[in-house]
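Please treat every number below as a calculation from the coordinates, not as lab data. All values reported here derive from a predicted model rather than from experimental measurement. Don't worry about glycine lacking a Cβ; one is built from the backbone with ideal geometry, like all the others, and counts go over all protein chains shown.
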Amino acid sequence: MDLALFWIPAVVALVSTGFVITRKNASHALIYLVVSLLSVAVIFFVLGAPFAAALEVVIYAGAIVVLFLFVVMMLNLGKTSVMRESRWMRPGMWIGPAVLVSILLITMVYVISGMPDASVTRGEVVGPKTVGIQLFQPYLLAVELAGFLLLAALIGAYHLGRRYLEQRREP
Amino acid sequence: MAIEVPVEQVLMVAAGLFLLGLLGVLVRRNIIFLLMSLEVMMNAAGLAFIAAGAKWGAPDGQIMFMLILALAAAEVAVALGLVLQISRRFDTLDVDAASELNG
């Protein structure tokens, strides 16, 4: 009974991810991506990681997907892009990658299910306080490196975006 | 509240999500869908980390998830700038259009 709390969001996540990779309209795929991310957030909550669940909702489903939506709106994708997608995505193209990926999946399921000792998650909540203490003591260097990465990304995104705006103004 | 879940099952769900993302990367040609599939793959990696953290009752899994989150945000910011450049320069979203190194 308890395991249903895990498997219901897991099935929702898998099904909506399947829709993400098969949609032809980019904004529909983004909405399915939001559903997938929210159900993964539910899984985090069930596993006892409420802080990670909140971050998943706020940053993934909030910030990153909204960024995608802005770009999709800027590019102004309409009916022609849906038709172009169906030209690019013939049913036959799915066969080869699907076979390869299912071979990988079978191997991974075999390896994972053959793990020697059956282990179970603790079932206890690891709250934000514990995470924060651990984050700013042994992992402080990782936090600073992440800060550098975000700074580099900020400068890179500004550079790319500025050239886009300037060149569009010229004609 | 938190419940006890066998770690194998969580890892199988994470593997399934990761491979769906990989399938998307292999099949799609539209660069926006490629980026969405990459997001799905990174999210699956985060799920595996959270599962490992929950197995030991330790916060390290959540910390690695936060680092993955920062990585995903940085990647998306730069990649969407590139998407705008590609769509302006080649007038298409096909990744194959940008396959030639041409100054």
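Going by C-beta contacts inside 10 Å, put A:ILE8, B:ILE50, B:ILE63 in order with the fewest on the left.
A:ILE8, B:ILE63, B:ILE50
Where Rh is the Kirkwood radius over the Cα pairs of the stretch A:35-162, the temperature 20 °C and the viscosity 1.002 mPa s, what D in µm²/s does Stokes-Einstein return?
Diffusion coefficient, whole number: 110 µm²/s.
Would you compute, for the Cα atoms of the protein assembly as shown, the largest minus smallest coordinate along each principal axis and list the three values in descending order, in whole Å?
Principal extents (largest minus smallest coordinate, Cα): 63, 45, 29 Å.
What lysines does A:LYS24 reach when the alpha-carbon gap must be under 24 Å and sequence neighbours fewer than 8 apart in one chain are set aside?
Within the straight-line limit of under 24 Å, A:LYS24 reaches these lysines: A:LYS79.
Choose one of A:PRO91, A:GLN137, A:ILE103: the residue whose Cα lies farthest towards the positive end of the charge dipole of the stretch A:85-150 (beta-carbon charges +1 Lys, Arg; -1 Asp, Glu; about the Cα centre).
A:PRO91
So what is the relative contact order for chain B, in percent, with contacts set as C-alpha pairs under 8 Å and at least six apart?
Here the relative contact order equals 26 percent.
Sorted from largest to smallest, which semi-axis lengths in Å does the alpha carbon gyration tensor of the stretch A:1-100 give for its equivalent ellipsoid, taking the root of 5 times each eigenvalue?
One finds semi-axes of 29, 20, 9 Å for the stretch A:1-100.
Please compute one quarter of the surface area of the Cα convex hull for chain B and express it in square nanometres.
In nm², the orientation-averaged hull projection of chain B is 7.9.
Quick one: helix B:31-56 against the long Cα principal axis of chain B, what's the angle to the nearest 10°, folded into 0 to 90?
Value to nearest ten degrees: 20.
When a/c is below 1.5 the answer is rounded, else prolate if a/b is larger than b/c, else oblate, so apply that to the stretch A:80-147 with a ≥ b ≥ c taken from the square roots of the Cα gyration tensor eigenvalues.
Oblate, since a/c reaches 1.5 and b/c is not below a/b.
Kindly provide the GluC sites (Glu not before Pro) of chain B that DSSP labels as loop, not H, G, I, E or B, and whose Cβ sees at most 12 other Cβ atoms within 10 Å.
Numbers: sites: B:GLU4, B:GLU8, B:GLU39, B:GLU75, B:GLU100; in loops: B:GLU4, B:GLU100.
Passing both the DSSP loop test and the Cβ count: B:GLU100.
If you stretched the chain out fully between A:ILE31 and A:LEU145, how much longer would it get, using 0.36 nm times the residue separation minus the C-alpha to C-alpha distance?
Once the chain is fully extended between A:ILE31 and A:LEU145, it gains 37.8 nm.
Taking K and R as +1 and D and E as -1, what net charge do the other residues with C-beta under 13 Å from the C-beta of A:GLY123 add up to?
Here the charged neighbours net out to -1.
Report the net charge of residues surrounding A:PHE19, where surrounding means a beta-carbon distance below 15 angstrom and charges are Lys +1, Arg +1, Asp -1, Glu -1.
Neighbour charge sum, excluding A:PHE19 itself: +1.
How far apart, in nm, are two points set 7 Å out from the Cα along the Cα-to-Cβ line at B:ALA98 and at A:MET83?
In this crude label model, B:ALA98 to A:MET83 measures out at 2.6 nm.
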